[in-house]
C-alpha cells in the first residue's frame with residue numbers, strides 16, 4: 001500500500017547556491033528601490049493635485065515609503081548574513097511529498113522521524129532520516 005510522507009528539503013550551501021541567492025536578493029533590493037522611486041514620483045504628483053489635503057496625502061505616501069525602506073533593510077540584512085554563512089552548511093528549503101510503499105510486515109515509519117532530502121547544486125545528494133532540531137544546522 002502506498003502512503004504520502006512529508007520530506008524536508010535541505011540545500012547544501014555552495015558557491016553556486018551563494019551566487020544564486022545573492023543575485024535574487026540584489027534583484028529584490030532593486031525592485032524595492034524602483035517601488036520607492038515610483039512612490040516619490042506619485043507623491044509629488046499628488047501634492048500638486050490636491051494642496052488642501054497635502055498633509056494626509058504626504059502621510060499616506062510616507063508610510064508606504066517607510067514600509068519599503070524597512071523591507072530593503074531586511075533584505076540587506078539577509079544579504080549580510082548570506083556572506084557570513086559557511087560553505088557546506090545545510091539550509092532548510094521547504095517540504096515536498098513522497099510516496100512510501102508499505103507492505104504487511106513492514107515496520108511502521110516513526111512519525112516523529114522526518115525524512116530529509118539533501119540537494120547540492122540542484123542534484124539530489126542523499127535521503128536520510130531527519131536530524132535533531134538542535135544539531136546546529138540552519
Exercise. If you check residue 10 against the conditions, is it surrounded by 14 or more Cβ atoms within 10 Å (Cβ to Cβ), in contact with a helix residue (DSSP H, G or I) (Cβ under 7 Å, 6 or more places away or on another chain) and closer than 19 Å to residue 124 by Cα?
Worked result: no
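A quick yes/no check of all residues on (1) over 19 Å from the mean Cα position of the chain (by Cα); (2) at pLDDT 85 or above; (3) part of a strand (DSSP E or B); (4) over 30 Å from residue 2 (Cβ atoms):
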{"site": "81", "(1), (2), (3), (4)": "no, yes, no, yes"}
{"site": "103", "(1), (2), (3), (4)": "yes, yes, no, no"}
{"site": "107", "(1), (2), (3), (4)": "yes, no, no, no"}
{"site": "113", "(1), (2), (3), (4)": "yes, no, no, no"}
{"site": "124", "(1), (2), (3), (4)": "yes, yes, yes, no"}
Problem set entry | Among the candidates 19, 28, residue that is under 30 Å from residue 125 (Cα atoms), without any contact (Cβ under 8 Å) to a residue 24 or more places away in the chain and either surrounded by 14 or more Cβ atoms within 10 Å (Cβ to Cβ) or not assigned by TED's automatic domain parsing to the domain that holds residue 107 (or both) | 19
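The values are calculated or read from the model by the stated rules, or taken from the named source; none is laboratory data. The shown structure was predicted, so the numbers you read here are calculated from the model rather than taken from an experiment. When we count neighbours, we look across all protein chains shown, and the Cβ atoms used for this are built from the backbone with ideal geometry, even at glycine.
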